[in-house]
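The values are calculated or read from the model by the stated rules, or taken from the named source; none is laboratory data. Being a predicted model, the structure only gives us computed values, none of them experimental. Backbone-built Cβ (ideal geometry, glycine too); neighbour counts: all protein chains shown.
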């Protein structure tokens, strides 16, 4: 596999992409993060699959190539796999290409039959990247263009996110992924508590600070 050439295609195809509220290159940077996390999960869970890291990496790079596209958003997995095949077929072996496109086609489908371990690793890395610090980033850039106030953001963190948490957690394939998700959820919860306090003009952790005087 010619990973260097594929990485240039990845940048050319996706570094400029954005939705009406995401930052420029959001899917490009998301693909890079998912690739690194998928490989790390593979190292921890399936060390015997060392030779599959390039497949995981390329699948992660291109998995959202059609996510947000007005014509393909609802079928962005299958359509994205077809687009990826067009873009990189000259730079990898046929079996590698099949594995990459197979992961992309079902990356958002938890009901797909005979889901490979590689596809499951990708699914978990993809989902996990949307939580933790990224929750706050997306909330911050989403709110102003959608006429949401800072109080609306606090309400979302306080209620809506908790209501959706178990739904997302239940889509993860591995216990390690669920542990990572739980830690991210705890981080957001603690952030929400501080957010509420400071929005109310209170001093965060006041008792401890006064005790240290």
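Observations
- If the condition is being more than 18 Å from the chain's Cα centre (by Cα) and either touching a residue at least 40 places away in the same chain (Cβ under 8 Å) or more than 20 Å from residue 176 (Cα to Cα) (or both), then region 29-59 contributes 44, 45, 46, 49, 51, 52, 54.
- Output for region 122-150, where each listed residue is more than 17 Å from the chain's Cα centre (by Cα) and either crowded, with 19+ Cβ neighbours inside 10 Å or outside any helix (DSSP H, G or I) (or both): 143, 147, 148, 149
- Residue match in region 167-183 (condition: assigned to a helix (DSSP H, G or I) and at pLDDT below 85): yes
- Taken together, the criteria place residue 104 among residues that are under 15 Å from the mean Cα position of the chain (by Cα) and in the same structural domain as residue 10 (by TED's automatic domain parsing).
- Here 119, 153 are screened, and the one residue that is within 30 Å of residue 90 (Cβ to Cβ), in a helix (DSSP H, G or I) and outside the structural domain of residue 62 (by TED's automatic domain parsing) is 119.
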